[in-house]
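Participant: First the structure, which I've put down as structure tokens, then a few questions once you've had a look.
The values are calculated or read from the model by the stated rules, or taken from the named source; none is laboratory data. Computed from a prediction, not measured in an experiment: that's the story for all the values here. Cβ sites come from the backbone with ideal geometry, for glycine too, and all protein chains shown count toward neighbours. All accessible areas refer to the heavy atoms of the entire protein, side chains included, with ligands and DNA or RNA removed. Shrake-Rupley method; radii C 1.70, N 1.55, O 1.52, S 1.80 Å.
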Amino acid sequence: MVNSLTDSAGNADTHLFAYADYQKSPIIHLHEYPSLNEIKQFKGGAEFEYTALEFSATDELLSLSTAPDYLLTIWNWRTGIKLAQCETTKKQLVEISFNPNSWFDIGILYSDQINFYTCERRSDKYVLFERQLPLELFNQ
């Protein structure tokens, strides 16, 4: 039984919703709607808490953890496999989003910068590459 939640996300196209519980080594739970049957659990993406969950237009679920680890993780929600994971900027999140045309591109908005991540396949694994763009560039 879950006592407290930290974040949730829904996917209307697939009739799924995900939420993260609030505990040490939190779990992301994936459920079908309207049956509410749990179909998957995702573990190992955060030490204490998730701050964001987001579905792609295809088969991916994005999670972002908060202090102390600040991990960006991409999961395949159909298989439950963790595709890629990397540390992110240790700042308070404003918004996170997949590129609607490609799950390989992710944007994270902070109050003073935007981080862009590109997920590339290298042999048998995926790797995330980061580019930072300070928001002060827009105020000149």
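Participant: Sort out for me the Cα centre separation of the range 18-48 from the range 61-140, rounded to whole Å.
Facilitator: Each part's Cα centre sits 19 Å from the other's.
Participant: Relative contact order, percent, of the chain when contacts are C-alpha pairs under 8 Å separated by at least 6 residues?
Facilitator: With pairs under 8 Å counted, the relative contact order is 13 percent.
Participant: Using a 1.4 angstrom probe, figure out how much accessible area the range 8-131 has per residue, in square angstrom, rounded to the nearest whole.
Facilitator: 52
Participant: Can I ask one more? Over all alpha-carbon pairs of the range 8-131, lay out the pair-distance distribution in 5 Å bins, whole %, shortest bin first.
Facilitator: 2, 11, 22, 25, 21, 13, 4, 1, 0
Participant: If you don't mind, there's one more thing I want to ask. ³J(HN,Hα) across the range 74-87 via Karplus (A = 6.51, B = -1.76, C = 1.60, θ = phi - 60°), whole Hz, x for Gly/Pro?
Facilitator: Working through the residues one at a time gives 10, 10, 8, 6, 6, 9, x, 7, 7, 7, 7, 7, 8, 6 Hz.
Participant: Can you pull the percent of the chain's accessible area that's carbon plus sulfur, 1.4 Å probe, other chains left in place?
Facilitator: So the carbon and sulfur contribution to the accessible surface is 49 percent.
Participant: Find out how many positive minus negative residues lie around Gly45, taking Lys and Arg as positive, Asp and Glu as negative, among other residues whose Cβ is under 10 Å from that of Gly45.
Facilitator: Combined, the nearby Lys, Arg, Asp and Glu give 0.
Participant: Kindly sort Glu54, Glu38 by accessible area of their heavy atoms, largest first, with the probe set to 1.4 Å.
Facilitator: So, going from the largest accessible area down, we get Glu38, Glu54.
Participant: Further question on the same structure: Let's see if you can work this out: charge +1 on each Lys and Arg Cβ, -1 on each Asp and Glu Cβ, no other charges. What is the dipole magnitude of the chain about its Cα centre, in debye to the nearest 20?
Facilitator: Here the size comes out at about 340 debye.
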